[in-house]
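The values are calculated or read from the model by the stated rules, or taken from the named source; none is laboratory data. Please read these numbers as outputs of a predicted model, since none were measured by experiment. Reconstructed Cβ throughout: ideal geometry from the backbone, glycine too, with neighbour counts over all protein chains shown.
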Amino acid sequence: MVLTREWAKNWRLNPTAAVLIAAADGAANPSLASIHQQYVTGSQLELLTASAARRFALAGVRPGDRVLLSCASSIETVLAYVGILRLGAVVVPANIGYTSAELEHVVTDSTPVLAVIDDPSRVSKLPLGVTRPSLDALPIDTGLSIELDAPHDAPAMIAYTSGTTGRPKGALLSRGNLLAGSQVLVSEWAWTSDDRLVHALPMFHMHGLGVGLNATFTAGASIVVVPRFDVGDVVAAVRDHEATMFFGVPTMYARFRDADRLADLSGLRLLVSGSAPLDPVLFAAIADEAGQAPIERYGMSETVMLTSNPVQGQRKAGSVGRPLPGVSVRLDDEGGVQVIGPNVFSGYWGRVEETREAFTDDGWFRTGDIGEWDDDGYLYLIGRASDLIITGGYNVYPREVEDALREHASVIDVAVVGLPDDTWGETVAAFIVTRDDSDIDLSALEQVVGERLAAYKRPRTWRRVNELPRNAMGKVRRDVLRQQERMRP
Ligand code: MLC
């Protein structure tokens with residue numbers, strides 16, 4: 001399916017960097033390259049994504065229909081993603097690490113007509129079936145014309161995010177939201193068609209999709225996709241593809257530090273860190289060894305990106321920077337961060353009540369984060385209104401883990417908290433009160449969470465306690481649990 005270019009034979013391609021994409025159609029710019037020495041130019045990308053859109057259309061997908069996308073990063077994943085959007089259908093990304101139960105929830109809630117998924121056996125009974133990202137099982141492309149002129153407010157993505165109220169809910173983003181989110185980054189980060197981004201992020205969350213892919217296409221730039229993050233593979237991709245940018249979560253930079261490879265990022269024009277707080281000590285190590293301070297920015301599934309440190313000007317450690325142009329950010333009386341702008345989603349799919357609660361009466365979205373400004377207008381995130389844990393850039397809501405644990409008969413009370421960790425930022429810990437003062441049956445509890453929750457949500461620390469510390473209102477004192485853990489010998 002993907003065409004081979006003659007000149008590509010001379011291109012030094014690291015076998016572990018799977019894909020190079022350039023949306024730009026410059027003669028010198030390849031569009032897609034794979035470990036099999038396959039390249040796609042900008043015009044081929046145009047044809048292949050139109051073909052993907054036509055295949056979806058022939059299979060029966062209509063504009064506005066939801067299509068589940070749950071795939072590892074690859075050429076085919078990118079083509080399918082763009083194909084769904086070109087047809088005017090709605091992408092529903094799902095983490096490939098979700099258990100069957102988590103995937104089932106997303107399917108039941110978003111009612112996709114079709115699933116594009118690495119392992120088709122994981123989803124059943126969709127109206128138009130299930131296909132692999134190669135799309136070979138879909139009808140042959142007949143040249144049917146795809147002329148999409150969808151309005152900006154047409155839905156484009158439903159991004160699932162867990163919450164304080166139990167099961168994950170889908171943030172509904174329009175085409176205009178995604179476009180505004182990527183356009184502003186292209187201008188703020190001075191992205192040009194000469195840029196080449198090493199993309200080692202998952203292609204099922206806002207960081208990898210809304211920032212990595214969308215902004216690259218908006219800029220007409222290139223991507224080297226590393227299908228699974230690995231320090232050596234990223235270094236090789238940077239070197240072999242003369243990359244200019246790398247975006248990562250702090251855990252990725254911590255792994256560079258631990259491997260003593262930060263200096264290998266020094267040739268890049270831009271290093272961006274997001275999805276979790278970047279420890280100022282790690283910030284300083286990157287600045288020292290990679291020769292430039294990383295750009296910290298702030299985003300969410302519901303909003304694409306809100307703020308960023310500047311390309312030109314001071315990049316402050318511990319700050320997520322200033323509001324992006326066109327995006328307004330304010331703090332309420334308790335420091336709660338609120339946002340309004342063309343990037344902000346319209347609500348949660350099918351959840352009227354939760355949508356109403358998420359917005360103020362005058363239309364600002366309550367992010368759930370607590371912030372403060374400095375005198376230069378830089379925002380610092382100093383806390384969270386919810387008990388959200390961020391581990392390796394993934395959000396984990398304690399409520400979801402606690403609910404899973406309560407399913408086990410021996411658990412009579414439980415609190416899940418985040419413990420600080422040098423590599424993961426935070427790790428998940430469970431404090432459990434068991435029936436009859438019995439010891440924890442660890443393998444039984446691990447089985448309970450293993451059946452219900454993706455690996456990143458599962459506790460890594462287990463403690464049996466006689467009772468949970470509570471305040472006068474009966475609310476669990478998670479700070480006390482964290483403090484107790486710090487004091488442990
Ligand atoms: C993997 N594991 C994790 C984990 N990732 N556990 C906790 N937290 C995580 N983030 C589990 C694995 O399943 C495995 O479990 C064990 O940890 C060791 O796995 P590993 O091989 O060492 O991990 P790896 O696969 O290398 O993944 C680490 C990672 C990955 C950092 C590359 O977590 C990652 O890609 N993170 C980025 C997440 C992201 O894109 N976030 C953006 C959200 S959008 P076991 O049981 O098998 O041993 C957003 C908005 C914004 O937040 O602003 O960007």
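Descriptive notes on the structure:
- In this structure, Gly170 does satisfy being more than 11 Å from the ligand (Cβ to nearest atom) and either in contact with a His (Cβ under 8 Å, 6 or more places away or on another chain) or under 22 Å from Ala72 (Cβ atoms) (or both).
- Hits in the stretch 228-237 (condition: touching a helix residue (DSSP H, G or I) at 6+ places or on another chain (Cβ under 7 Å) and more than 9 Å from the ligand (Cβ to nearest atom)): Val231, Val235
- Selection count, the stretch 280-308, where residues are more than 15 Å from the ligand (Cβ to nearest atom) and either surrounded by fewer than 19 Cβ atoms within 10 Å (Cβ to Cβ) or touching a residue at least 40 places away in the same chain (Cβ under 8 Å) (or both): 10
- Sole exception among (1) at pLDDT below 95; (2) within 14 Å of the ligand (Cβ to nearest atom); (3) of a type in the set (Ser, Thr, Tyr) for Ser438, by number: (2)
- Scanning the stretch 263-274 for residues that are in contact with a helix residue (DSSP H, G or I) (Cβ under 8 Å, 6 or more places away or on another chain), in a loop (DSSP other than H, G, I, E, B) and of a type outside the set (Ser, Thr, Tyr) turns up Gly267, Leu268, Gly274.
- Under the condition of being at pLDDT below 95 and polar (S, T, N, Q), the residues counted in the stretch 452-470 number 1.
- Of the residues making up the stretch 120-141, one or more are part of a loop (DSSP other than H, G, I, E, B), touching a helix residue (DSSP H, G or I) at 6+ places or on another chain (Cβ under 6 Å), of a type in the set (S, T, N, Q) and at pLDDT 85 or above.
- Candidates in the stretch 34-91 are the residues that are part of a loop (DSSP other than H, G, I, E, B) and among the small types (Gly, Ala, Ser); of these, the one that is modelled with the lowest pLDDT is Ser34.
- Qualifying residues in the stretch 185-212 (those that are of a type in the set (Gly, Ala, Ser) and more than 16 Å from Pro325 (Cβ to Cβ)) - the one farthest from the ligand (Cβ to nearest atom): Ser193
- Scanning the stretch 347-374 for residues that are aliphatic (A, V, I, L, M), touching a residue at least 24 places away in the same chain (Cβ under 8 Å) and more than 15 Å from Asp333 (Cβ to Cβ) turns up just one, Ala358.
- The residues listed here are Ala94, Ala101, Ala115; of these, the one that is touching a helix residue (DSSP H, G or I) at 6+ places or on another chain (Cβ under 9 Å), farther than 24 Å from Gln447 by Cα and among the hydrophobic types (A, V, I, L, M, F, W, C) is Ala115.
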